[in-house]
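Remarks on the structure that follows.
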Amino acid sequence: MATYDYQNILETIAAEVSPLTWQGKVADYIPALASVPLGKFGMSVQTVDGQTFSVGDAEERFSIQSMSKLFTLTMAFRLLGDELWQRLGREPSGNPFNSLVQLEYEQGKPRNPFINAGALVVTDVLSSHYVQAEIAFLQFMRKLTGLTNIHFDTVVAQSEIATSSRNAAMAHLMKSFGNLKSPVDIVLNSYCHQCSVTMSCEEIARAALFLANHGEVPMSGERLLSVSASKRISAVMLTCGTYDAAGDFAFRVGLPAKSGVGGGIVALLPGEASICVWSPGLDENGNSLAGGKALELFTTLTGRSIF
Ligand code: GLN
């Protein structure tokens, strides 16, 4: 199917998932996320040859939350290469994203970079390299989108910090095993700021386009990751990117993807396009309910997936 069909497909998807956008439950662990209304839906497809297709609330910014983990992993991979995996696994966890249980018997080595413990190690890698890892992250997101007006939501960041006992527990446990180098509060502060960044579907899809283009930013020709490193990150997205539902997601959607509790999911159609969908109502695993269905419809209607 040619890329010019994407607009029609997005509109069909938006109409079909509309009832679902009112279902699910918005993340309510902090007030700023609890107040986001149900009923929102946006989706954007960016092709590696420079086309953008969007529908609904694709230009409205929302909290990227755990989608930040994809970009911090890219930054850490750029710094350490495969050495990164000495501190971090790459297996699905089979547990909720904020679970502590595996950390104890796996000697402080998180199962993968997309659960919170893994993202904290990734942030620690960045904290060892940058004076303020969160600023380096913001600059990376600005560079990927070509936009200077990408910001933290400081209200969200402060609420995240104020309610970060669980993440702090993980960080301390990992530090006790020697798998966190920087002070816990530095790592937590940076992690909470990364999660608080607000971006739209169009902006996130654009930021992730280099991964769909095997590591090279199509607009500038800049290579951010080797083909092999890009493949590896995409593989971890497929197996670990949607929390405890990654198996079901691969089964239903068939694309590497990373979700966040703000209701966003970013997915890759390797060699062709990046896709970002947003709808804040979440399912029981913390993935966007309408967003997951929208991606499922996308691969069904286009006949495209990685399989
Ligand atoms: N800020 C959230 C947390 O650390 C991110 C969770 C998520 O999107 N899965 O709990």
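Give Glu91, Glu60 a once-over and let me know the one that is at pLDDT below 95, away from the ligand (no atom under 16 Å from the Cβ) and not aromatic (Phe, Trp, Tyr). Let's see the steps before the verdict.
Values: Glu60 fails: at pLDDT below 95.
It is Glu91.
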Could you grab me the full set of residues in segment 161-217 that are within 18 Å of Gln132 (Cα to Cα), over 21 Å from the mean Cα position of the chain (by Cα), in a helix (DSSP H, G or I) and in contact (Cβ under 8 Å) with a residue 24 or more places away in the chain? Ile186
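Run down Ser226, Ser196, Ser182, Ser230 and say which single residue is over 30 Å from Gln51 (Cβ atoms) and either of a type outside the set (S, T, N, Q) or out of contact with any strand residue (DSSP E or B) (no Cβ under 7 Å at 6 or more places or on another chain) (or both).
Details: Ser226 fails: over 30 Å from Gln51 (Cβ atoms); Ser196 fails: either of a type outside the set (S, T, N, Q) or out of contact with any strand residue (DSSP E or B) (no Cβ under 7 Å at 6 or more places or on another chain) (or both); Ser230 fails: over 30 Å from Gln51 (Cβ atoms).
None of the others qualify; the one that does is Ser182.
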Looking only at segment 97-142, count every residue that is among the aromatic types (Phe, Trp, Tyr) and more than 16 Å from the ligand (Cβ to nearest atom) and tell me the total. 3
Taking first residues from segment 65-76 that are in the same structural domain as Tyr191 (by TED's automatic domain parsing) and over 18 Å from Ile161 (Cα atoms) and second residues anywhere that are within 12 Å of the ligand (Cβ to nearest atom) and assigned to a helix (DSSP H, G or I), the pairs with Cβ under 7 Å that are 6 or more apart or on different chains are Thr72/Ala119; Thr72/Thr123; Thr72/Gln194
In segment 26-57, anything basic (Lys, Arg) and either within 16 Å of the ligand (Cβ to nearest atom) or not assigned by TED's automatic domain parsing to the domain that holds Val227 (or both) is listed as none
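With the structure loaded, tell me whether Ser127 is assigned to a loop (DSSP other than H, G, I, E, B) and either of a type in the set (Asp, Glu) or touching a Pro at 6+ places or on another chain (Cβ under 9 Å) (or both) or whether it fails that test. Full working, then the answer.
On the way: assigned to a loop (DSSP other than H, G, I, E, B): no; either of a type in the set (Asp, Glu) or touching a Pro at 6+ places or on another chain (Cβ under 9 Å) (or both): yes.
Considered against the rule, which asks whether it is assigned to a loop (DSSP other than H, G, I, E, B) and either of a type in the set (Asp, Glu) or touching a Pro at 6+ places or on another chain (Cβ under 9 Å) (or both), Ser127 comes out as no.
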If you scan segment 191-235, which residues turn out to be surrounded by fewer than 22 Cβ atoms within 10 Å (Cβ to Cβ) and within 16 Å of the ligand (Cβ to nearest atom)? Thr198
Identify the residue in segment 160-190 that is small (Gly, Ala, Ser) and buried (at least 23 other Cβ atoms within 10 Å of the Cβ) and, among all such residues, is nearest to Ser99 (Cα to Cα). Ala171
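The values are calculated or read from the model by the stated rules, or taken from the named source; none is laboratory data. Source: prediction; values computed, not measured. Ideal geometry is used to build each Cβ from the backbone, glycine not excepted, and the neighbour counts take in all protein chains shown.
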